[in-house]
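Structure first, commentary second.
What follows is calculated from the coordinates using simple rules that are stated; it is not laboratory data. In this text the structure is predicted, and so the values were computed from the model without any measurement. Backbone-built Cβ (ideal geometry, glycine too); neighbour counts: all protein chains shown.
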Amino acid sequence: MKPKSKVPFIGVLIALPLLVSSLMYGLFTNGGFESGDFTGWTKSTFLNPGLTGTPPFTGANIVRNAGGTDQTVTVTAASPQTGDDPLLGAAATLKFPYIGTYSARVNGPITGNVSNTIKQQSVITAGDVDTFDNQVHVRFVVGPVLQNPSHSPQEQPYYYVAVKNITRGGTLLFESLNFSNQAGVPWKTANGLLYTDWQIVDIAPGSASIAIGDNIEVEITAADCSQGGHFGYIYADGFGAQLPGLAISKTESQDPVPAGASLNYTFLYRNTGTIPVDNVVVTETIPAQTTFISVSSASCAEAAGVVTCNFGTLQPGAQGTFTITVGVNSNATGTINNGNYTIAGTNFPPVLGPLVTTTVGIPINPTQVPTLDEIGLLILGALVAAVGVLLLRKSIA
């Protein structure tokens, strides 16, 4: 499953916490945890005996043994993006809350193969349709913090994010399970811990999968390692249909894409907040199995596999697009994971855009499907060849 946008905000709205709350959290009850507790949410615990199967993991690989302790809490700071995780320290770029004055921390820094989960269900309304694209969106942000004991992937601490459509039989709209030090995740390190910047999750699968009146469920889970000696937890915030502030997303030009072909990524950056943001910078790390070819904007430049775009001040409601073209390596296989791109600005730390995954394969081209006439000619040719072989054998005999 590939979110297509799968949005930050800023200290700008510090003086307007009630307005922020009404703008952001309409889709979910207490979606920004601004009540200072988990009103509207269901918390649960379990013990992690290890993931089943082999990577890549999904929710089906999670084993939930009875037990565990509730380590899930709300954390607070006076202004958005100013609170320091006590274990990461002040130098880490992951700051809470994402917006408002509170964020959730699911699970905690106490070991014992403990796992914690929060869930909430909500019914989609007309107010949850984004006027930009007339699609229903489910948006929020997460920021994991994990120890890395270098166990097997099945034994590592992990985090899991899922959104389901309960109305449609629990159909998965999005899921992502990542274990500590998993390749392809843009990890950072602080005080021996692995973490990422806030990650945008933006789910908009279209009206065939989610519509007004549907009941959806969101789940956030974090787990210690299965051996019991190393912890994992995750921050979460901003659950709603909109996230005021800077936003970054992108789409690919084709999926699947053949090895050796060109692939275009079109980026959309926006300021959906209420005040200007200065010194807006977008960065894109060219994904593995590809090579940079070009970028369409004169505000962007590439160096050592990283494209940096300087867009100056972005006014409220302003937006722009640009395209990066890469070449898919001739020996590329599997999938191309492109999730290491950020948007940032003055008083707005970097936030990661939604992951885009592209399968390396041969696209189905409808123009290459034989017509009935072509199929008939093929059959006729085969029959003629078969008759010719029979006549040849008869003449030899």
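Which of 87, 194, 243, 94 has the fewest other C-beta atoms within 10 Å, and how do the rest follow up to the most?
The most exposed by this proxy come first: 87, 194, 94, 243.
Lysine pairs, Cα distance under 21 Å, 8 or more residues apart or cross-chain: how many in the range 11-240?
4
Please give, to one decimal in nm, the separation of the simple spin-label points placed at residue 296 and residue 266, each 7 Å out from Cα toward the Cβ.
If labels sit at residue 296 and residue 266, their model points lie 0.6 nm apart.
Take the Cα gyration tensor of the range 11-240, multiply each eigenvalue by 5, square-root it, and list the three semi-axes largest first, rounded to whole angstrom.
Values for the range 11-240, descending: 27, 22, 15 Å.
How much net charge surrounds residue 242 when only other residues with a Cβ under 14 Å from its Cβ are counted (Lys, Arg +1; Asp, Glu -1)?
Net charge around residue 242: -3.
Just want the ordering: 295, 326, from fewest to most Cβ atoms lying within 10 Å of their own Cβ.
295, 326
In whole Å, what is the distance between the alpha-carbon centres of the range 31-76 and the range 168-247?
Between the Cα centres of the range 31-76 and the range 168-247 lies a distance of 11 Å.
Within straight cross-link reach of residue 250, meaning Cα distance under 19 Å, which aspartates and glutamates are found once same-chain residues fewer than 8 apart are removed?
Leaving aside aspartates and glutamates fewer than 8 places away in the same chain, those within reach of residue 250 are 130, 133, 175, 197, 202, 284, 302.
With a 10 Å Cβ neighbour count serving as the proxy for reagent exposure, in which order, fewest first, do 265, 98 appear?
The order, fewest Cβ neighbours first, is 265, 98.
Could you work out Rg/(2.2 N^0.38 Å) for the range 218-310, with Rg from alpha carbons only?
Relative to the 2.2 N^0.38 Å estimate, the range 218-310 comes out at 1.48.
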